[in-house]
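**Q** Okay, here's the structure, questions in a sec.
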Amino acid sequence: MQYYIQEWPDMTASLIAEDGYTLNTFDSTDEAIEACISECMVKPSHIKKYFCYLDASPVDFESSFL
């Protein structure tokens, strides 16, 4: 089974199984990665980072297209 990490607006992170079931929520992405490796014995397949273009400056927004 594969797992991924979803980062939320409050900068917490959830460890989610490939079927969409949330296993746990952690205080940081690093804690979620460590839990995935130690408890599931596998690295997460990807990390869905939270990004709000309204919070970013125009320079950040333009650089995301490079």
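The values are calculated or read from the model by the stated rules, or taken from the named source; none is laboratory data. From a predicted model like this one, the values you see are computed outputs, not experimental measurements. Neighbour counts run over all protein chains shown; Cβ positions are idealised from the backbone, glycine included.
Matching residues to (1) modelled with pLDDT of 90 or more; (2) exposed (fewer than 13 other Cβ atoms within 10 Å of the Cβ); (3) touching a Pro at 6+ places or on another chain (Cβ under 9 Å); (4) not β-branched (Val, Ile, Thr):
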| site | (1), (2), (3), (4) |
| --- | --- |
| Thr12 | yes, no, no, no |
| Phe26 | yes, no, no, yes |
| Tyr50 | no, no, yes, yes |
| Pro58 | no, yes, no, yes |
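**Q** Working only within segment 28-42, note down all residues that are among the polar types (S, T, N, Q) and loosely packed, with under 12 Cβ neighbours inside 10 Å. Even if it seems obvious, please write down each step before you answer.
**A** Of all residues in segment 28-42, those among the polar types (S, T, N, Q) come to 28-29, 38.
Of everything in segment 28-42, just one residue is among the polar types (S, T, N, Q) and loosely packed, with under 12 Cβ neighbours inside 10 Å, namely Ser38.
**Q** Just give me the residues in segment 1-45 being in contact (Cβ under 8 Å) with a residue 40 or more places away in the chain and touching a helix residue (DSSP H, G or I) at 6+ places or on another chain (Cβ under 6 Å), in sequence order.
**A** Hits for segment 1-45 are Tyr3, Ile5, Glu7, Pro44.
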